[in-house]
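Below is one structure, written out as structure tokens; comments come after it.
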Amino acid sequence: MKVSQTRWMSIGQYVSSSHKFKTIFLLLIFLAIYAVLAAGGNGGEYQASIIDSALTILSFNIFNIIFFALLWKNTVDVCTLMNTKFDFIIMRLQSRKKYILFVLKYVLLMNILFMVLFAILYLSINLFIPSKNFMIADYEFYGISNMQYFPFFLFRYVSISLLLSVIFALLYLNFKKKSIWMILLVIAGFLVFPIQFSVHSTFSLFLWTYFCPIAYESFYREVLYSILYLLVLLAITFGLGFYSCRNKRMDIA
């Protein structure tokens, strides 16, 4: 069964107006305030540039721990709502594959909304600070400006986050509460992974490498390694999706 565009939007509106998502939104407000305060200084020096502040906070381990904890909660909330509130639709789906795609569609929709809301909150708070600006400066030794580096960093950050949310969702659909071990592993990694600036020369499979202040020998090398890592996550996602479609032990409402 194909869900019509009107029904697709109505379901999205229902999920976004749910009590659980309102709780997520409230927590996002506090996270945005924390992000502005935590990124206000770098090494004891005030950062007037909103771009540099954003790069700092998105590379800060405590922020990422909270961010991914909320992302995982939002993912689980969506999966739960799909099974409890829209079981009448799920029952009409003709295959396990369609059920999985149905759930993942809303996981991606709500997590994109999650990120957009945070970005709006973070930017809005910064714009209320008179001394904040969009000053353009050189980024490290790459020979490019922070304004050029930031779109790349943000694209990688969002892409990896969304792929991780899909992986979280697939693990939750297959293993329910046992899937919490993945988010605990991610959080533990942020706690132990070094946050000081460093220069790498090799490709890393460690997730946390791409959320820390790490540079490479050149910007081209960082772009190449980032693409390779996204391909690795895509392979994991498709592999887990293939397993999910054939897992007869998966509970479907």
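The values are calculated or read from the model by the stated rules, or taken from the named source; none is laboratory data. Predicted model only: the values in this text are computed from it and were never measured. Because the Cβ atoms are built from the backbone with ideal geometry, glycine has one as well, and the counts that use them run over all protein chains shown. What goes into the accessible areas is simple: the full protein's heavy atoms, side chains included, and nothing from ligands, DNA or RNA. Shrake-Rupley method; radii C 1.70, N 1.55, O 1.52, S 1.80 Å.
For the reader, a short list of remarks on this structure follows.
- Counting protein heavy atoms only, the stretch 167-211 has 75 percent of its accessible area on carbon and sulfur, 1.4 angstrom probe.
- Reachable lysines, given that their alpha-carbon falls under 19 Å from the alpha-carbon of Lys73 and they are not under 8 places away in the same chain: Lys20, Lys22, Lys85, Lys105, Lys176, Lys177, Lys178
- Ligands, DNA and RNA aside, Cys212 has an accessible area near 10 Å² when probed at 1.4 Å.
- Residues listed by number, the stretch 149-168, amide nitrogen under 20 Å from Lys105 label point at 7 Å toward C-beta: 162-163, 165-168
- Multiplying the residue separation of Thr80 and Phe238 by 0.36 nm and removing their Cα-Cα distance gives an extension gain of 54.7 nm.
- Normalised by 2.2 N^0.38 Å, where N counts its residues, the alpha-carbon radius of gyration of the stretch 88-178 equals 1.57.
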